[in-house]
Amino acid sequence: MPASAPITQDLVTIPRKPEETGRMNLVGLTRPALAEALRAAGTPEQQVKMRAAQLWQWIYQKGVRDFDAMTNLSKAYRALLAAHFCIALPEVVSRQVSADGTRKYLLRISGGHEVETVYIPEEDRGTLCISSQVGCTLTCSFCHTGTQKLVRNLTPGEIVGQIMVARDDLGEWPAPGRNPKVETRLLSNVVLMGMGEPLYNFENVRDAMQIVMDNEGISLSRRRITLSTSGVVPEIARAGAEIGCMLAVSFHATTDAVRDKLVPINRRWNIATLLDALRAYPKLSNSERITFEYVMLKGVNDSDADARRLVQLIAGIPAKINLIPFNEWPGAPYERSDWARIEAFADIVYKAGYASPIRTPRGEDIMAACGQLKSATERARKSRAEIAAEAGLPG
Ligand code: SAH
Ligand code: SF4
């Protein structure tokens, strides 16, 4: 996208209830945890299950935030809920819309931390790329997020909250009595490909995805959710068993020597160990393939020999290879491979029988493309520091 493409940026004024201190946020509680919270607040035992189901529908299917609007609950019960609980989402600090329709949200979560979420509209789907951590413990050398230390894991409420914020912005809460087919939803797919390593925040990601997959929750099928991991081998089997969503793996190299440099977790679990874990992932078939993400770095991992080694390595694994042209960021030590090189690489992979789409960079003009997240946060930080400096205050 040319740098001169029009960008709209605004501070969103979606009215949001301030997070009431001392009241438990219901967003992100698993069904059993919600039932337990209602019980502890004094809901009669014989009503707990029904009340939990009703609340679940109000919160996740109808997008209602105000207990008073929950018309199938008695006034007295609504008052009890309002006294104990709140329904709070991350706060939208800014929202940018790219010339290609990509939307990037900068969200503030408790503690004043910030994360980014990106919505990518496509012809047949709308994908929300969500974050699982503030920063990342890993230090992949081509990734901008990897230059930011892990600040903290996101809670299940903050993970599901990203989806709810996007649905607010897209105006996509169904009218009463209507629940549109998922095929026609603006937000039809979720990818855990934002900031952070989802398998290093396993329980919270799992609980959040359970709400997303729940038929009375956000109700996206497990096949519409893709979790991307850099290769946390011991957690891969667990993701298969306890989440069951689609899996993507940041592969990026075909020898251990190169992968050790690009994806340092490879020093702990090397390519052979990773491939064994992938082969054992449940339900693999032609319709449920593993996505191998492969960032194209000029002169580093993009040769014909690499392409041939790649198809040999993954032989027998139902797979698709997603080639990602490297997205540059200030100070990045790599360059994007030339287009002809990327196409030649894709061709070898394709001829070996694997789908090899080249991921079109989306939202580059707003730094929303893969691996560019963090910039807005940094910019925001910098401007606050500048403001503080101007005012003679400590940054
Ligand atoms: N931590 C997880 C998920 C987030 S990264 C993981 O590593 O899989 C999502 C994808 O973007 C990963 O495949 C990552 O390797 C890739 N990526 C990171 N930085 C990039 C960059 N600068 N250009 C292109 N892709 C990048
Ligand atoms: Fe973390 Fe993924 Fe970036 Fe690696 S590529 S530093 S695992 S976010």
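The values are calculated or read from the model by the stated rules, or taken from the named source; none is laboratory data. These numbers come from a predicted model, not from an experiment. A quick note on method: Cβ atoms are made from the backbone with ideal geometry, for glycine too, and the neighbour counts reach across all protein chains shown. Surface accessibility is based on the protein's heavy atoms, side chains included, excluding ligands, DNA and RNA. Shrake-Rupley method; radii C 1.70, N 1.55, O 1.52, S 1.80 Å.
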Open item on the list: Step by step: first the residues of region 315-347, then only those that are more than 16 Å from ligand 2 (Cβ to nearest atom) and open to solvent by less than 30 Å² (accessible area, probe 1.4 Å), then the one that is nearest to the chain's Cα centre (by Cα). Which residue is that?
Closed with: ILE321
Open item on the list: Please verify whether LEU107 is open to solvent by less than 20 Å² (accessible area, probe 1.4 Å), more than 16 Å from ligand 2 (Cβ to nearest atom) and in the same structural domain as LYS298 (by TED's automatic domain parsing), treating the condition exactly as stated.
Closed with: yes
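Each row is one residue, and each column tells you yes or no for (1) in contact (Cβ under 8 Å) with a residue 60 or more places away in the chain; (2) part of a helix (DSSP H, G or I).
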{"site": "ILE159", "(1), (2)": "yes, yes"}
{"site": "ASP169", "(1), (2)": "yes, yes"}
{"site": "PRO174", "(1), (2)": "yes, no"}
{"site": "LEU199", "(1), (2)": "no, yes"}
Task: Sole residue being touching a Cys at 6+ places or on another chain (Cβ under 9 Å), over 23 Å from ASN270 (Cα atoms) and not hydrophobic (A, V, I, L, M, F, W, C), chosen from ARG223, ARG185, ARG206 - done: ARG223
Task: Unmet criterion (only one of (1) more than 14 Å from ligand 2 (Cβ to nearest atom); (2) among the charged types (D, E, K, R); (3) out of contact with any strand residue (DSSP E or B) (no Cβ under 7 Å at 6 or more places or on another chain)) for ARG223 - done: (3)
Open item on the list: Given the condition under 27 Å from the mean Cα position of the chain (by Cα), over 17 Å from CYS140 (Cβ atoms) and modelled with pLDDT of 95 or more, answer yes or no: does some residue in region 303-314 qualify?
Closed with: yes
- [ ] Search region 21-32 for residues that are free of Cβ contacts under 8 Å to residues at least 12 places away in the same chain and pair each with any residue that is among the hydrophobic types (A, V, I, L, M, F, W, C) when their beta-carbon atoms are under 9 Å apart and the residues are at least 6 apart or on different chains.
- [x] PRO32/ALA52
TODO: Could you tell me which numbered condition ARG259 fails, if it satisfies all but one of (1) without any contact (Cβ under 8 Å) to a residue 24 or more places away in the chain; (2) away from ligand 1 (no atom under 16 Å from the Cβ)?
DONE: (2)
- [ ] With the condition kept exactly as written, say whether any residue in region 129-146 is away from ligand 1 (no atom under 16 Å from the Cβ), open to solvent by less than 10 Å² (accessible area, probe 1.4 Å) and touching a Gly at 6+ places or on another chain (Cβ under 7 Å).
- [x] no
Open item on the list: Among the residues in region 93-101, are any open to solvent by less than 10 Å² (accessible area, probe 1.4 Å), of a type in the set (Gly, Ala, Ser) and in the same structural domain as CYS136 (by TED's automatic domain parsing)?
Closed with: yes
Open item on the list: Which numbered condition in (1) buried (at least 18 other Cβ atoms within 10 Å of the Cβ); (2) among the aliphatic types (A, V, I, L, M); (3) not assigned by TED's automatic domain parsing to the domain that holds GLU158 is the only one that VAL115 fails?
Closed with: (3)
Task: Verdict on PRO234 being within 13 Å of ligand 1 (Cβ to nearest atom) and assigned by TED's automatic domain parsing to the domain that holds PHE142 - done: no
Task: Single condition VAL212 does not satisfy, out of (1) crowded, with 18+ Cβ neighbours inside 10 Å; (2) more than 16 Å from ligand 2 (Cβ to nearest atom); (3) in contact (Cβ under 8 Å) with a residue 60 or more places away in the chain; (4) not hydroxyl-bearing (Ser, Thr, Tyr) - done: (3)
TODO: Taking only region 232-265 into account, find how many residues are within 15 Å of ligand 2 (Cβ to nearest atom), assigned to a helix (DSSP H, G or I) and either under 16 Å from GLN210 (Cα atoms) or modelled with pLDDT under 95 (or both).
DONE: 1
